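What follows is calculated from the coordinates using simple rules that are stated; it is not laboratory data. Remember, predicted model here, so these are calculated numbers, not experimental data. FYI the Cβ positions are ideal-geometry reconstructions off the backbone, even for glycines, and counts take in every protein chain you see.
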There are 2 protein chains.
Amino acid sequence: MHYFNTTDVDGFSKLYRLNMINSITGFKSANLIASKSNNGDENLAIFSSVTHLGSNPALLHFTLRPNTVPRDTYKNIKETQVFTVNHVSAPHFEDAHHTSAKYDEAVSEFDQTRLVPEYKNNWYAPYVKDSPISLGCRYLNEYEIKENGCLLIVAAIEQIFIQEDLLMEDGWVDLTKGSVMAINGLDGYTLPQLEKRLEYARPKQINNK
Amino acid sequence: MHYFNTTDVDGFSKLYRLNMINSITGFKSANLIASKSNNGDENLAIFSSVTHLGSNPALLHFTLRPNTVPRDTYKNIKETQVFTVNHVSAPHFEDAHHTSAKYDEAVSEFDQTRLVPEYKNNWYAPYVKDSPISLGCRYLNEYEIKENGCLLIVAAIEQIFIQEDLLMEDGWVDLTKGSVMAINGLDGYTLPQLEKRLEYARPKQINNK
């Protein structure tokens, strides 16, 4: 096994450290967050930090780093309170990744990629057309993470769109059927395959060592 | 597309809602958090909310729901300040899932599975033997998420173990080479395959629509 301690990590080059530390917490979700300013400027940015927070009520969270590209996303969300979360699937991952390029605020990432905005159910923020799962979300709160200045955004999931064949009888959504991707580090795009759904785990009496 | 709004979700049965809402934020990391109480009781629990928070300093976060199994984890972390995060790989996912069963505090999940504790580098909390990536973490802070009573735990990554063949020249860690798994919903275990690593995204001038 390779072993590194805090002193080793401090001595890494910036890129080496970014690559390693972004990889070692495991696979991350691949989502496009779409928003629109009060002026009507659309914004689209890829995020790998969108995470389930609770089911009742349905909540998610994601983090924003200080001074990075998706600050347009933050500004739009603060202005309008709403945004959409759209899963990245195999046909779209290169375009999705391109939304991380640093464009001026007035430039819509929709115009710089083959991704297409779609307005549904009177939601102010655009959805991403052909995404297998899309969520209409409303900003609820933010928490400043004092340890590094990141903002944790907490949002309610108010609209849910799921491609027909992904939804199973018991409510479980088979992401692999939608070719939904997962991110490895900063730039590795992976396609998960289902191994197995497991039963609810109950205690056993036998020590099977 | 299936469409559901907040009223629909409120009307779901508890299990249907848990299955759906846990699935629709995308793939989640599969990690075993190991800890040990001051009394020496080991605890092991699977988490799907461990997420990268920052690289400099190296930070991660995860959430704890109120009144659920992993509260032993919380108690141990508060007592001792340290824990380990261990990636779940294909040979171990059924045992890893079993750690979600509700055992008494005095019962070690290591004794109820084939997972083996391993003490390394004088870290008080055990590591999980044969995990392809393991992290020695120190508790830094917690944030109460008022919207549903969850706790967000922020921790520093102080020790990093990476299986030799996973670490690439530029610091990127190839999780797929370690058969690291990703979780879909509450109980779906998936094995991601690498599609492609992409270049750093730079703005382009051409509108390619």
Task: Label distances, nm, A:Leu194 versus same residue in remaining copies, Cβ-directed 7 Å point - done: 2.7
Task: GNM result for chain B, Cα springs below 10 Å: residue of B:Leu186, B:Leu18, B:Leu198 fluctuating most strongly - done: B:Leu198
- [ ] Could you list B:Phe12, B:Phe62 in order of exposure, starting from the residue whose Cβ has the fewest other Cβ atoms within 10 Å?
- [x] B:Phe12, B:Phe62
- [ ] Springs between alpha-carbon atoms under 10 Å, Gaussian network over chain A: tell me which of A:Val82, A:Val128, A:Val107 tops the mean-square fluctuations.
- [x] A:Val107
TODO: Determine the alpha carbon to alpha carbon distance for each of A:Lys177/B:Lys204; B:Lys14/B:Lys102; B:Lys129/B:Lys177; A:Lys28/B:Lys102; A:Lys78/A:Lys102 and list only those over 23 Å.
DONE: A:Lys177/B:Lys204; A:Lys28/B:Lys102
Task: Estimated distance in nm for a label pair at A:Leu194 and B:Tyr3, the labels positioned 7 Å out from Cα along Cα-to-Cβ - done: 2.6
TODO: With runs of 4+ DSSP H residues as the only contributors, calculate the mean residue ellipticity of chain B at 222 nm using -39,500 (n - 2.57) per run, divided by the residue total and rounded to the nearest 500.
DONE: -4000 deg cm²/dmol
Open item on the list: Treating the point 7 Å from Cα along Cα-beta-carbon as the label, what are the nm separations from A:Asp130 to the other copies, to one decimal?
Closed with: 4.3
Open item on the list: Going 7 Å from Cα along the Cα-Cβ axis for the label, what nanometre distances separate B:Val116 from the same residue across the other copies?
Closed with: 5.6
Task: Charge dipole (region A:1-118, unit charges on Cβ, about Cα centre) - positive-most of A:Asn5, A:His98, A:Val88 - done: A:Asn5
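Using DSSP to call loops (not H, G, I, E or B), can you name the trypsin sites (Lys or Arg not before Pro) in region A:1-105 whose Cβ has at most 16 other Cβ atoms within 10 angstrom? Could the numbers behind the result be given before it?
Working: sites: A:Lys14, A:Arg17, A:Lys28, A:Lys36, A:Arg71, A:Lys75, A:Lys78, A:Lys102; in loops: A:Lys102.
Loop-located and lightly packed - A:Lys102.
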TODO: Report the label-to-label distance for B:Lys75 and B:Glu147 in nanometres (one decimal), using points 7 Å from each Cα along the Cα→Cβ vector.
DONE: 3.0
Open item on the list: If I stretch the segment between B:Asp111 and B:Lys129 completely, what's the gain in nm (0.36 nm per residue apart, minus their alpha carbon distance), one decimal?
Closed with: 5.1 nm
